Amino acid sequence: MNSYSEGGLRYQKLIDEFVELASSEAIAGRIRKDGHSERTNDADLPLDLQEKARKAFLLSLSESNREIVAQLIEEARNRAVHDILSSIEWMHTCGGLDLIVEGHPLPKDPFWGSMHMDYVCRRAGESWPEEESETE
């Protein structure tokens, strides 16, 4: 495996980890499961006033409206990760940030586009493009 493909695999792993991070939204899952986002062990440790207010608000909504709130939370997390990747990409290519994955620095220019666009494509379910052979 040449250094480009090794670096490409490290880059893909980095982007895939950000996709996984954006996909693991616990608050939206709690809303879907329990009807609210607060912890359920409140018998051991009572909810504070803000937690009680959020719980009461979410429970006052219909199930379909709670689903909309859960989707909004997931979308906000997804957009936050996208914004972070956009910032990291700019700092990496223009601002002096070095990215080291598994002990190896990534080249300054992205492999197949931009970090945030590769992230968007992976979030949309697109596969990584096949590596072009060295003879092409």
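Expressed as a rounded percentage, what relative contact order does the chain have, with Cα pairs under 8 Å and six or more residues apart?
32
So how do Lys108, Lys33 rank on accessible area, 1.4 Å probe, biggest first, that is with the largest at the start?
Lys33, Lys108
Provide the solvent-accessible area of Ile84, counting protein heavy atoms only and rolling a 1.4 Å probe, rounded to the nearest 10 Å².
Rounded to the nearest 10, that gives 90 Å².
Please work out the average accessible area per residue across the chain, using the 1.4 Å probe convention, and give it in Å².
So the chain comes to 65 Å² accessible per residue, rounded to a whole number.
In debye, nearest 20: dipole of the chain around its Cα centre with unit charges on the Cβ of K, R (+) and D, E (-)?
Here the size comes out at about 820 debye.
Determine ³J(HN,Hα), in whole Hz, for all residues of the stretch 95-101 in sequence, where each value follows from phi through the Karplus function 6.51 cos²θ - 1.76 cosθ + 1.60 and θ = phi - 60°; x replaces Gly and Pro.
The phi angles translate into x, x, 8, 9, 9, 10, 10 Hz.
Quick one, what does Rg over Rh come out to for the stretch 16-113 if you take C-alpha atoms and the Kirkwood Rh?
1.17
Ignoring ligands, DNA and RNA, please state the percent of accessible area on the chain from carbon and sulfur, probe 1.4 Å.
Heavy-atom surface of the chain belonging to carbon and sulfur, 1.4 Å probe: 55 percent.
Which value in deg cm²/dmol, rounded to the nearest 500, describes the helix-derived mean residue ellipticity at 222 nm for the chain, given -39,500 (n - 2.57) per DSSP H run of n ≥ 4 and division by the residue count?
Details: 5 runs with 82 residues, N = 136.
Calculated mean residue ellipticity at 222 nm is -20000 deg cm²/dmol.
The values are calculated or read from the model by the stated rules, or taken from the named source; none is laboratory data. This structure is a prediction, so every number in the text was calculated from the model and none was measured. Reconstructed Cβ throughout: ideal geometry from the backbone, glycine too, with neighbour counts over all protein chains shown. Each accessible area value is taken on the protein alone, full model and side chains, heavy atoms only, with ligands, DNA and RNA left out. Shrake-Rupley method; radii C 1.70, N 1.55, O 1.52, S 1.80 Å.
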